[in-house]
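What follows is a set of notes on a single structure, which appears directly below.
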Amino acid sequence: MTKNTAGMLGCICLVLFGLATDSSARRSHINPEQRTKLEKIQTVYLNVLALTEDGKIPSDDFVTLIQSRMEELGYTVVTDRKAAHDVQFLVKCEEQKRWKGTTRSGGDAELADSPSRLWRGPACLFNYRVEGEDLGWYKETRTDFEDAYAAAQTAKAKKSGKYAMSQLKLKLENFDFPVMAATEWGHTARLARLLENPKTSKVRKLRILSTLSKVQSKEAIPHLITLAQDENAEYAEAAIIALAGTGSSATPILTDIFVTSKISRIQAAAAKGLGLIGAHSGDPAITPPLLDYLNRNLENMDESSDIDFPVLTEVVWSISKLRNDKSVVPIEQLNIKIWLIRDNSKEMKELRDAANVATKMIDLDYQIM
């Protein structure tokens, strides 16, 4: 870490960043008192209901699985309604889904893993209540089939209800409701600890990185920076993109990574991250380091071997995100050079496409013509 980066780390950690989560955007109606209660959640009362077409069945297997997965994030789970708890976590698994509603705040159907009104097959619906109040959060996981009876026959299972429940249990083993709940409640410190756990799967780490990039919390930033700056880390590129999601305050960190890294994939990710910041915030600080890279490469660009395609292509795409007079001439020169090089590879095509778009995006005279 350079001195400049270390200094910026202290500044970044004092700021609440940029893009709200789907949950926070959707639940803007929740008042400060309710938000405080969500942030203090530690003990979860778990209530699971399992229903088949033949009626209610024991839900012990579901309870054990859900409890274990919630405890992975450090929550204390109780199943006795009379036990002290901070939140009621309700799960209803049905052979044939009957719940057809939407959240009162609207727009929920457009969010990932939200309940589908069109689905009538086996599904597990997740909801929570604080002091008995439903705050409008619903998540749902479904089987790969809608007709439980037909699926059971194909699988040579005797009872469709039992078969549907077994398939829903398999879905619950991978459906990341604990991360969704922790995100909803603003528990980013728990997510960060899970991210650092070596036992956490790659798929889950990538999902958490994506989540942390959108959460308005200072706790997430040091973890993302650490991962982003570890060039040998398996998740460095994902962490860089996630860090970009926190907004323009991450520009100095990503600039430092882009300028100092000697690894192509890391440089490319940093360039892409800067472009994402530029597109969302209009931060002009993203352009100078990208232009400097482009200008230096133009000096010795005579053949394909002179080009680091992953990096240069991301640089050009990112330059196209912001209008800058100083970008016009270098992009024009790049267009001339890359068309003079005899190369019909996929990498060259992608670079030419990026340069063509950049020309149209940054040159207003070109657009008027």
Query raised in the report: Which is crowded, with 20+ Cβ neighbours inside 10 Å and either in the same structural domain as ILE362 (by TED's automatic domain parsing) or over 19 Å from the mean Cα position of the chain (by Cα) (or both), of ALA269, ALA285, ALA279?
Result: ALA269
Requested in this report: Could you please tell me which pairs satisfy a Cβ distance under 8 Å, a separation of 6+ or placement on different chains, a first residue in the stretch 132-161 that is assigned by TED's automatic domain parsing to the domain that holds PRO122, and a second residue that is part of a strand (DSSP E or B) and basic (Lys, Arg)?
Outcome: LEU135/ARG129
Query raised in the report: Where in the stretch 40-87 are there strands (runs of 3 or more DSSP E), lying fully within it, with 2 or more residues that are hydrophobic (A, V, I, L, M, F, W, C)?
Result: 43-52, 76-78
Query raised in the report: Pick from ASP325, ASP283, ASP343, ASP308: which is in contact with a Ser or Thr (Cβ under 7 Å, 6 or more places away or on another chain) and more than 18 Å from VAL259 (Cβ to Cβ)?
Result: ASP343
Query raised in the report: What single numbered condition from (1) touching an Asp or Glu at 6+ places or on another chain (Cβ under 9 Å); (2) part of a helix (DSSP H, G or I) fails to hold for ASP256?
Result: (1)
Query - Qualifying residue in the stretch 56-78 (condition: touching a strand residue (DSSP E or B) at 6+ places or on another chain (Cβ under 9 Å), modelled with pLDDT of 95 or more, farther than 19 Å from ARG129 by Cα and hydroxyl-bearing (Ser, Thr, Tyr)) - result: yes
Query raised in the report: Which residue pairs have Cβ atoms under 8 Å apart, sit 6 or more places apart or on different chains, and have a first residue in the stretch 235-263 that is on the phi > 0 side of the Ramachandran plot and a second that is modelled with pLDDT of 85 or more?
Result: GLY247/ILE277; GLY247/HIS280; GLY247/SER281
**Report entry** Condition check for GLU299: of a type outside the set (A, V, I, L, M, F, W, C) and closer than 21 Å to ALA358 by Cα
**Finding:** yes
Query raised in the report: When you look at ARG190, is it farther than 18 Å from SER68 by Cα, buried (at least 18 other Cβ atoms within 10 Å of the Cβ) and not hydroxyl-bearing (Ser, Thr, Tyr), yes or no?
Result: no
**Report entry** Positions within the stretch 180-189 being part of a helix (DSSP H, G or I) and more than 15 Å from the chain's Cα centre (by Cα), in sequence order
**Finding:** ALA189
Report summary line: Looking across the stretch 147-179 at residues that are in contact with a Phe, Trp or Tyr (Cβ under 7 Å, 6 or more places away or on another chain) and part of a loop (DSSP other than H, G, I, E, B), the single one that is surrounded by the most Cβ atoms within 10 Å (Cβ to Cβ) is ALA157
Query raised in the report: With PRO222, PRO252 as the choices, which residue is outside the structural domain of VAL87 (by TED's automatic domain parsing), more than 22 Å from LEU312 (Cβ to Cβ), at pLDDT 90 or above and touching a helix residue (DSSP H, G or I) at 6+ places or on another chain (Cβ under 9 Å)?
Result: PRO252
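This table checks each residue for (1) buried (at least 16 other Cβ atoms within 10 Å of the Cβ); (2) under 27 Å from the mean Cα position of the chain (by Cα); (3) at pLDDT 95 or above; (4) aliphatic (A, V, I, L, M).
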| position | (1), (2), (3), (4) |
| --- | --- |
| PRO310 | yes, yes, yes, no |
| THR313 | yes, yes, yes, no |
| VAL316 | yes, yes, yes, yes |
| LYS321 | yes, yes, no, no |
| SER345 | no, no, yes, no |
| MET361 | yes, no, no, yes |
Query raised in the report: Within the bounds of the stretch 118-131, is there any residue that is over 22 Å from GLY74 (Cα atoms), in contact (Cβ under 8 Å) with a residue 12 or more places away in the chain and either surrounded by fewer than 18 Cβ atoms within 10 Å (Cβ to Cβ) or within 15 Å of the chain's Cα centre (by Cα) (or both)?
Result: yes
Query raised in the report: Of these, LEU227, LEU195, LEU209, which one is under 18 Å from ARG69 (Cα atoms) and buried (at least 21 other Cβ atoms within 10 Å of the Cβ)?
Result: LEU195
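The values are calculated or read from the model by the stated rules, or taken from the named source; none is laboratory data. None of the values given here were measured: they were computed from a predicted structure. Positions of Cβ are generated from backbone atoms using ideal geometry, with glycine treated the same way; all protein chains shown enter the neighbour counts.
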